[in-house]
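**Student:** Let me give you the structure first, and then I'll get to my questions.
What follows is calculated from the coordinates using simple rules that are stated; it is not laboratory data. This structure is a prediction, so every number in the text was calculated from the model and none was measured. Note that we place each Cβ from the backbone using ideal geometry, even for glycine, and neighbour counts take in every protein chain shown.
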Amino acid sequence: MAEPILTVENLSRHFRAQKGVLFGRAAGVVRAVDGVSFSVGRGETLALVGESGCGKSTTARLVLRLIEPTTGTIRFEGAYIHELSGAPLRALRRRMQIVFQDPFGSLNPRMTVGQILEEPLILHRLGRPSARRARVEELLNLVGLAGYHAARYPHEFSGGQRQRIGIARALAVEPALIVCDEPVSALDVSIQAQVVNLLRDLQRRLGLSYLFIAHDLAVVKHVADRVAVMYLGQIVEIGPKQALFGDPRHPYTRTLLAAIPRPDPHRDRSRAVADGDVPSPMDPPPGCRFHTRCPYMIDRCREETPAPTEWAADHWVACHRAAELPATEGIGTDRVAPAAARRMALMAERRDAAGDRSAG
């Protein structure tokens with residue numbers, strides 16, 4: 001991979017927990033993110049996946065400097081953003097934007113779409129009023145909406161159209177990196193395909209890099225170049241999409257892949273299952289954090305934290321037994337059939353056209 005646009009090294013964020021509301025006493029430390037390292041190349045999509053509460057969204061907010069890291073470094077376009085403040089940080093933030101999960105809650109209902117899209121241009125002092133209005137129309141056209149939509153309010157749009165507006169807002173200041181924080185999880189399946197196709201098209205046209213936060217691996221399979229799997233605040237496996245879907249080496253990755261619905265109910269239903277509940281991030285288990293749920297656990301897993309090791313080219317895994325796991329025969333690669341994918345795309349096109357007619 002060429003020089004990455006974003007490099008994160010040993011990133012951690014710990015929160016102090018308290019008992020009580022007014023006069024609470026310290027109850028421990030929540031290790032939301034604990035020693036995470038990864039990079040994102042220019043024009044690449046890195047998907048960060050895992051169960052709810054594993055630290056994905058906290059990682060995204062750390063990357064954007066919305067919250068401060070406890071330890072670690074974040075380098076974006078050659079600058080260590082965790083060391084910046086004032087005007088330099090403000091200038092750098094123009095190059096990093098976010099698309100939020102909830103298209104209903106992320107747009108101000110009191111503002112028109114035009115005002116929403118013009119706001120980042122005003123904040124960054126970009127262009128005169130006439131140029132900003134022209135930019136708003138350009139942004140709407142870029143995401144498949146029309147210029148006249150600028151005069152309408154968010155409640156007049158469907159969920160998919162609102163997410164398009166959220167994407168347009170992220171594009172307003174011409175960023176190089178967009179953090180997509182579960183951008184399709186609140187949408188139905190046909191609209192998910194529509195938004196994913198839009199994101200991929202914009203990436204090709206504008207050369208964007210994405211940090212794509214998700215828990216749905218069926219979506220990740222269609223959007224990511226590389227995948228990083230998080231569990232309890234740590235990355236347990238990272239590598240090219242084909243490697244993780246075709247030959248996952250961590251038991252937790254296999255568990256996530258086994259949860260993807262099969263298109264053929266008559267196929268073999270043998271699955272890698274993780275027993276028990278996710279431990280508390282206030283009291284993570286010693287050794288490998290997944291050992292309390294892992295079907296391949298041995299005594300060493302309880303005592304020694306596995307270091308990330310390179311299993312194959314650019315494919316890293318933190319598991320003592322990675323080399324001993326049985327072959328998977330491409331687990332996860334057949335979960336979304338090509339015919340189903342084509343139907344999703346066709347449904348997306350029809351839904352998009354119907355949405356534009358209703359909005360008009």
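**Student:** List the residues whose amide H sits under 5 Å from the amide H of G43, counting only those 5 or more places along or on another chain, with H placed 1.01 Å from N in the peptide plane.
**Tutor:** Close amide H contacts, sequence-distant or interchain: S209.
**Student:** If you don't mind, another one. Sticking with the crude label model, points 7 Å out along Cα→Cβ, report the distance from R300 to L126 in nm, one decimal please.
**Tutor:** Between R300 and L126, the simple spin-label model gives 5.2 nm.
**Student:** Oh, and also: Going by amide H atoms built from the backbone, whose H comes under 5 Å of the H on L126, apart from near neighbours?
**Tutor:** Those lying under 5 Å, H to H, from L126: there are none.
**Student:** Express the relative contact order of the stretch 155-221 as a whole percentage, based on alpha carbon pairs under 8 Å and six or more residues apart in sequence. Could the numbers behind the result be given before it?
**Tutor:** Details: 48 pairs, mean separation 26.7, N = 67.
It rounds to 40 percent for the stretch 155-221.
**Student:** After finding the eigenvalues of the alpha carbon gyration tensor for the stretch 139-273, what semi-axes result from the square roots of 5 times each, listed largest first in whole Å? Don't skip to the end; give the middle numbers.
**Tutor:** Details: eigenvalues 206, 62, 30 Å².
Rounded to whole Å, the semi-axes are 32, 18, 12.
**Student:** May I ask you to compute the full-extension gain from M282 to Q242, defined as 0.36 nm times their residue separation minus their alpha-carbon distance, rounded to one decimal in nm?
**Tutor:** Details: separation 40, 0.36 × 40 = 14.40 nm, distance 3.41 nm.
In short, 11.0 nm is gained.
**Student:** Hey, another quick one. Based on the Cβ-Cβ distance from R16 to E310, what FRET efficiency comes out when R0 is 35 Å, to the nearest 0.05?
**Tutor:** On the way: r = 36 Å, r/R0 = 1.02.
So, using R0 = 35 Å, E works out to roughly 0.45.
**Student:** Quick one: Karplus J couplings for the stretch 59-73, per residue in order, coefficients 6.51, -1.76, 1.60, θ = phi - 60°, nearest Hz, x for Gly and Pro?
**Tutor:** Couplings: 4, 4, 6, 5, 4, 7, 6, 7, 10, 8, x, 6, 9, x, 10 Hz.
**Student:** Something else about it: Per-residue HN-Hα couplings for the stretch 35-49, Karplus 6.51 cos²θ - 1.76 cosθ + 1.60 at θ = phi - 60°, whole Hz, x for Gly and Pro?
**Tutor:** 3J(HN,Hα) across the stretch 35-49, in whole Hz: x, 9, 9, 6, 9, 10, x, 5, x, 9, 10, 9, 8, 10, 10.
**Student:** From the phi angles alone, apply the Karplus equation (6.51, -1.76, 1.60; θ = phi - 60°) to the stretch 86-94 and give each ³J(HN,Hα) in whole Hz, x where the residue is Gly or Pro.
**Tutor:** Values per residue, Gly and Pro as x: x, 4, x, 5, 4, 5, 6, 5, 4 Hz.
**Student:** Hey, another quick one. Which whole number in µm²/s is D for the stretch 28-76 by Stokes-Einstein, with the Kirkwood Rh taken over Cα pairs at 37 °C and 0.692 mPa s? Provide the component values of the computation, followed by the final result.
**Tutor:** Numbers: Rh = 12.1 Å.
So the translational diffusion coefficient is about 272 µm²/s.
**Student:** Amide H to amide H under 5 Å from F212: which residues, 5+ apart in sequence or cross-chain, H placed 1.01 Å off N in plane?
**Tutor:** Correct list: L46, A47, L48, C180.
**Student:** Moving to a separate point now. With only alpha-carbon pairs counted, each pair once and no self-pairs, how large is the Kirkwood hydrodynamic radius of the stretch 114-190 in angstroms?
**Tutor:** On the way: mean 1/r = 0.0767 Å⁻¹.
Final number for the Kirkwood radius of the stretch 114-190 is 13.0 Å.
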